[in-house]
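Notes follow the structure.
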Number of protein chains: 2
Amino acid sequence: MKHITSAKNPQVKEWKKLLTKKERDKTETFLIEGIHLVEEALKADKVLEIIISEQSHFIQKINFGDTPVTTVTEEIIKTLSDTESPQGVFAVCEQEKINLNEITGKTFLLLDAVQDPGNLGTMIRTADAAGVDVVVVGQGSVDHYNPKVLRSAQGSHFHLPVLKGDLSEWVEKLKDEGTPVYGTALENGQVYTETTPSPTFALLVGNEGNGVNKELLDQTTKNLYIPIHGKSESLNVAVAAGILLYYLRA
Amino acid sequence: MKHITSAKNPQVKEWKKLLTKKERDKTETFLIEGIHLVEEALKADKVLEIIISEQSHFIQKINFGDTPVTTVTEEIIKTLSDTESPQGVFAVCEQEKINLNEITGKTFLLLDAVQDPGNLGTMIRTADAAGVDVVVVGQGSVDHYNPKVLRSAQGSHFHLPVLKGDLSEWVEKLKDEGTPVYGTALENGQVYTETTPSPTFALLVGNEGNGVNKELLDQTTKNLYIPIHGKSESLNVAVAAGILLYYLRA
């Protein structure tokens, strides 16, 4: 087991760089934090290495298998952490490498320009819970390997494929394969309860302020909306996605 | 129009104190921030006074009626703000004073020990959207006049009564009046889709980590759960509340 005591150690600097999207994209890896996420990543066989506080009681508790483990000081833990009270355990994981031709599924969640990390993570978690097969994150969305997204998703990144993609191409591809694609809109849509649940569908939800891009809405099979019965202007996008995913699945 | 230039002005200190629950409870007021919330509060006639940046372009745009307005420096705005890029407008509002005997409604959302401000605010917003008549916030929950809760709720505090209450008493009262009370549980519950939607119901949801208090679950008419079809352990509480509220309403 390697041990590092200086925050200036080049290895520590490499890990810290993974807090930026640029470095995550370059290395095709990402950093996760906390015992729950690390355990989920180990189960999914996605862990390249573990970083753990020399003071952590998790050292004894977790079965790291033959994954390389480095113990570090509390000072280094604080440098790497995105939270106020770090649990003292991190893992470097490999990003999902997906061959698009191998992607098969019956249900899809397509996310257009979702910008709040909590919303994106919550929707990945909700998609997982609702049994969705694939999540596609479109351009203009926050990076789904952002630490806050990972935390909100509570490990669901390791349960289903989450990939970046061109949503316009995805909508066409899905329609060609016979999968109905339902956009979400406040206007010119159909009340969602008028759609019959089915074992195959794709749901497309959009940006917190502006909704789904209009050109994408023109491409969909049809567009749905959730009625507002009170005086609020809209629903939170993650709540809306939850209502629709649970309704639409047969 | 009053004008204050020093952050040490006693009036500024009074406003700043409203960022604490203690002071909000004592004065039965609360502070809201941002143009959307201030407009909603003005519409609901809940505003005691307005605080606005001397540089704000909203001064000309908003009809403040005869509400007292104080202009302040950008330095004071930053002192009061809970956000990174303040919009430069605040209002002191009066808390809802509710006579419990006057509370009538057909649909209720009861919140047990919800601790994340974003979740609490999102559920108040969702309840509003779903046409819920009353939200009751139980002990152990974050203060619903917390700035982050207010922000997440996007003005729904001004659309329906949100009150603190003893949930055990509320469950008994509602059952006595013939309103079915549905708890939410992961175990010993019924799949929610087996319950028939009805125009009158109360939904009880709970703490992010521990769910609803067991004693409360023993008091309910029955307890529901949302099936997990994938590999996630649970749903976010605000997403779960959205799915159930939209399902249960007739």
Residues (more than 15 Å from A:A113 (Cα to Cα) and not in a helix (DSSP H, G or I)) located in segment A:166-181: A:E177, A:G178, A:T179, A:P180, A:V181
Considering only residues of segment A:144-159 that are open to solvent by less than 10 Å² (accessible area, probe 1.4 Å) and not in a helix (DSSP H, G or I), which is farthest from the other protein chains (Cβ to nearest Cβ)? A:H144
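Here is a check on your reading of the model: is A:L100 open to solvent by 20 Å² or more (accessible area, probe 1.4 Å) and not polar (S, T, N, Q)?
Answer is yes for this residue.
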List the number of the failed condition for B:L163; all other conditions in (1) part of a loop (DSSP other than H, G, I, E, B); (2) surrounded by 16 or more Cβ atoms within 10 Å (Cβ to Cβ); (3) at pLDDT below 95 hold. (1)
Could you look through segment A:160-193, keep only residues that are polar (S, T, N, Q) and within 14 Å of another protein chain (Cβ to nearest Cβ), and pick out the one that is farthest from A:E84 (Cα to Cα)? A:T193
Using the structure shown, decide if B:T73 is more than 15 Å from the chain's Cα centre (by Cα) and outside the structural domain of B:N9 (by TED's automatic domain parsing). no
Can you find a residue in segment B:129-141 that is open to solvent by less than 10 Å² (accessible area, probe 1.4 Å), away from every other protein chain (no Cβ under 14 Å) and touching an Asp or Glu at 6+ places or on another chain (Cβ under 8 Å)? yes
Name the residue that is farthest from the chain's Cα centre (by Cα), counting only residues in segment B:154-186 that are among the small types (G, A, S) and over 29 Å from B:V47 (Cα atoms). B:G178
Search result, residues across segment A:78-92 that are among the β-branched types (V, I, T) and closer than 15 Å to A:I4 by Cβ: A:T79, A:V89, A:V92
Scan segment B:41-55 for residues that are crowded, with 19+ Cβ neighbours inside 10 Å and in contact with a strand residue (DSSP E or B) (Cβ under 6 Å, 6 or more places away or on another chain) and report the count. 6
If you go through segment A:208-250 one residue at a time, how many are part of a helix (DSSP H, G or I), surrounded by fewer than 20 Cβ atoms within 10 Å (Cβ to Cβ) and within 12 Å of another protein chain (Cβ to nearest Cβ)? 1
What is the number of the single condition among (1) in contact with a strand residue (DSSP E or B) (Cβ under 7 Å, 6 or more places away or on another chain); (2) among the polar types (S, T, N, Q); (3) within 21 Å of A:L120 (Cα to Cα) that A:T221 does not meet? (3)
Scanning segment A:7-40 for residues that are polar (S, T, N, Q) and closer than 19 Å to A:D82 by Cα, the one least open to solvent (accessible area, probe 1.4 Å) turns out to be A:T29
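The values are calculated or read from the model by the stated rules, or taken from the named source; none is laboratory data. Remember, predicted model here, so these are calculated numbers, not experimental data. Glycine also receives a Cβ, built like all others from the backbone with ideal geometry; neighbour counts cover every protein chain displayed. Each accessible area value is taken on the protein alone, full model and side chains, heavy atoms only, with ligands, DNA and RNA left out. Shrake-Rupley method; radii C 1.70, N 1.55, O 1.52, S 1.80 Å.
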